[in-house]
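The values are calculated or read from the model by the stated rules, or taken from the named source; none is laboratory data. Everything quoted here is computed from the prediction, not taken from an experiment. Accessible surface areas use protein heavy atoms only, side chains included; no ligands, DNA or RNA. Shrake-Rupley method; radii C 1.70, N 1.55, O 1.52, S 1.80 Å.
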Amino acid sequence: MTIQLMPLDSTAHPGVVGGFSMVGFPGPAPDVVLLENLSGETYLEGEEASPFAKAFERIRATALSTEDSAARIAEMEEGHRR
């Protein structure tokens, strides 16, 4: 599992228009995307999931690195202990 925090002052990214869950598989198995809303859920795979893979990469690029995210979490934890 990788944790990356999104700074509140980040530039616009695809995550602000709605959430999605994405699962990638090694080898020939296609990626699967889950979209949930009030009326139910929709599963997408293969080429239909491709725009979400690109969006996910843009979100990851906008977020803090894993190292910076861990440091920020430690700072917040220390602030709550005081």
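Enter the angle in degrees (range 0 to 90, nearest 10) between the Cα long axis of helix 50-62 and the first principal axis of the Cα atoms of the chain, meaning the one along which they spread out most.
10 degrees
Relative contact order for the chain: what is it in percent, counting Cα pairs under 8 Å that are at least 6 residues apart?
37 percent
Just the number, please: percent antiparallel of the DSSP beta bridges in the chain, rounded to the nearest 5.
100 percent
Any idea what angle helix 66-81 forms with the longest principal axis of the chain, computed on alpha-carbon atoms, 0 to 90 degrees, nearest 10?
Approximately 50 degrees, to the nearest ten.
On the Cα set of the chain, report Rg and Dmax in Å, please.
When restricted to the Cα atoms of the chain, Rg and Dmax are 15.7, 51 Å.
Keeping every protein chain in place, order 68, 31 by accessible area at 1.4 Å, biggest value first, i.e. largest first.
Greatest to least solvent exposure: 68, 31.
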